[in-house]
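Below is one structure, written out as structure tokens, with a few remarks after it.
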Amino acid sequence: MKIAVLISIVGLLQTTSAGAQTIQRCEGAGQRITYANAECPAGTRAVKALPPAPPPSAQSRAETKAQLQRDKDAVKTQQKPVVQDKALRAPSSSDLQKAADCGYLQASLDSSRQLRNVLTTRPYYSTEDVEEADARINELAAEYRRVCG
């Protein structure tokens, strides 16, 4: 849709052949090619002149204007009214804070579970260390349920 509008605008802004200039393809030392809309720069020679594009026909202009109007009308019909529904509004700061707290508690819970698993894979670990880790996991799980539901 945006491309069609852009093409329509470009089509309307094209200049007539009276205002258009011929583009020169200039070749310099080492086969270096440059393009100029005036005389070729010093040290280069004109190899080819590229004529300006012909102006759009009256029919093409009319079609472009009609397409532009159709695109404008389509954009107007696609615009939606502002939604006043509470469920679709942006989250409040308390909702954002709750989400951040839940994320932090979930990460802490996951980390504590990983540490407990590491403890049990060591050749020498005490049951007190494992019991402390289990107690910490239970505390975090209770806090997570309380805060996050």
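The values are calculated or read from the model by the stated rules, or taken from the named source; none is laboratory data. From a predicted model like this one, the values you see are computed outputs, not experimental measurements. So basically every Cβ, Gly included, is an ideal-geometry build from the backbone, and we count neighbours across all protein chains shown. Keep in mind that these areas ignore ligands, DNA and RNA; they rest on the heavy atoms of the full protein, side chains included. Shrake-Rupley method; radii C 1.70, N 1.55, O 1.52, S 1.80 Å.
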* Asked: Going through region 50-79 one residue at a time, which ones are touching a helix residue (DSSP H, G or I) at 6+ places or on another chain (Cβ under 6 Å) and among the aliphatic types (A, V, I, L, M)?
  -> Leu68
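For every residue, the table says whether it meets (1) under 23 Å from Val147 (Cβ atoms); (2) in a helix (DSSP H, G or I); (3) touching a Phe, Trp or Tyr at 6+ places or on another chain (Cβ under 9 Å).
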{"residue": "Arg25", "(1), (2), (3)": "no, no, yes"}
{"residue": "Ala53", "(1), (2), (3)": "no, no, no"}
{"residue": "Ala62", "(1), (2), (3)": "no, yes, no"}
{"residue": "Ala135", "(1), (2), (3)": "yes, yes, no"}
* Structure fact -> Cβ pairs under 7 Å, 6+ apart or interchain, first in region 90-104 and in contact (Cβ under 8 Å) with a residue 60 or more places away in the chain, second assigned to a helix (DSSP H, G or I) and open to solvent by less than 60 Å² (accessible area, probe 1.4 Å), ordered by first then second residue, are none
* Asked: Filtering region 64-84 down to residues that are open to solvent by 80 Å² or more (accessible area, probe 1.4 Å) and at pLDDT 85 or above, which residue is nearest to Arg146 (Cα to Cα)?
  -> Lys72
* Asked: Does any residue of region 99-114 turn out to be closer than 30 Å to Arg25 by Cα and hydroxyl-bearing (Ser, Thr, Tyr)?
  -> no
* Structure fact -> Just one listed residue, out of Ala87, Ala100, is under 30 Å from Val147 (Cβ atoms), open to solvent by less than 90 Å² (accessible area, probe 1.4 Å), modelled with pLDDT under 80 and under 27 Å from the mean Cα position of the chain (by Cα), and it is Ala87
* Which condition number does Ala142 fail, the rest of (1) assigned to a helix (DSSP H, G or I); (2) open to solvent by 70 Å² or more (accessible area, probe 1.4 Å) being met? -> (2)
